[in-house]
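Read through the structure below, which is laid out as structure tokens, and then see the notes.
The values are calculated or read from the model by the stated rules, or taken from the named source; none is laboratory data. Source: prediction; values computed, not measured. FYI the Cβ positions are ideal-geometry reconstructions off the backbone, even for glycines, and counts take in every protein chain you see.
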Amino acid sequence: MSFEERLKIARSACKISQQRLAEKIFVSQAAYSKYEMGQATPNPDMLARLASELNVSADWLIGLTDEPKPVSKPSMVSSAELESIKKYRALDAHGKKMIDILLDGEYERTIADTGGETVKIAAREGGVSEQVISDAEAERLLNLPEIDDL
């Protein structure tokens, strides 16, 4: 089965129009229609958007597997954060620059309000978490001897 056939099947299963799906993935209906007609091939980012919106795996869409549903993996990103990422990716260069400036400013404000630095520390189970610590504690941690020096 071809990519365009799988794409039509997945969209039909979701009971969504080409127009509505195009809006959700931030393209025109004409651009989306080209995917279903085999006149265009989505880039990897667009393939990921399509798979996400249609609740199928990208591997299934491109014919690498016969299992349409994505393998569930625990996510450390909330659905609200994913929605923000989708919106950010749809912005032009000016919009992205404006968001970056705002985000950097808010991050700096937050750090200044706490009176400390944000330092990444390794958690016991191998993950990484952020913790706000004082400037003095950050200095102490930065001056610890290297493992090779012990």
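Given the criteria among the basic types (Lys, Arg), closer than 14 Å to residue 61 by Cβ and part of a helix (DSSP H, G or I), does residue 11 qualify? Considered against the rule, which asks whether it is among the basic types (Lys, Arg), closer than 14 Å to residue 61 by Cβ and part of a helix (DSSP H, G or I), residue 11 comes out as yes.
Among the residues of the stretch 2-18 satisfying the criterion of being of a type in the set (S, T, N, Q) and free of Cβ contacts under 8 Å to residues at least 40 places away in the same chain, which is nearest to residue 38 (Cα to Cα)? Quick ask: steps written out before the conclusion?
In the first step, residues of the stretch 2-18 are kept if they are of a type in the set (S, T, N, Q); the result is 2, 12, 17-18.
Subsequent filtering for residues that are free of Cβ contacts under 8 Å to residues at least 40 places away in the same chain retains 12, 17-18.
Numbers: 12: 17, 17: 17, 18: 14 Å.
The residue in question is 18.
For the stretch 24-38, the condition holds for no residue, the condition being that it is closer than 30 Å to residue 103 by Cα, of a type in the set (Ser, Thr, Tyr) and part of a helix (DSSP H, G or I).
Scan the stretch 25-41 for residues that are surrounded by fewer than 16 Cβ atoms within 10 Å (Cβ to Cβ), in contact (Cβ under 8 Å) with a residue 24 or more places away in the chain and in contact with a helix residue (DSSP H, G or I) (Cβ under 7 Å, 6 or more places away or on another chain) and the total you get is 3. Among the residues of the stretch 42-62, which ones are buried (at least 17 other Cβ atoms within 10 Å of the Cβ), assigned to a helix (DSSP H, G or I) and not aliphatic (A, V, I, L, M)? Hits for the stretch 42-62 are 49, 53, 60.
For every residue, the table says whether it meets (1) among the charged types (D, E, K, R); (2) more than 17 Å from residue 86 (Cα to Cα).
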| site | (1), (2) |
| --- | --- |
| 4 | yes, yes |
| 13 | no, yes |
| 18 | no, yes |
| 21 | no, no |
| 37 | no, yes |
| 47 | no, no |
| 57 | no, yes |
| 60 | no, yes |
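Filtering the stretch 67-79 for residues that are modelled with pLDDT of 85 or more and over 18 Å from residue 9 (Cα atoms) leaves an empty set.
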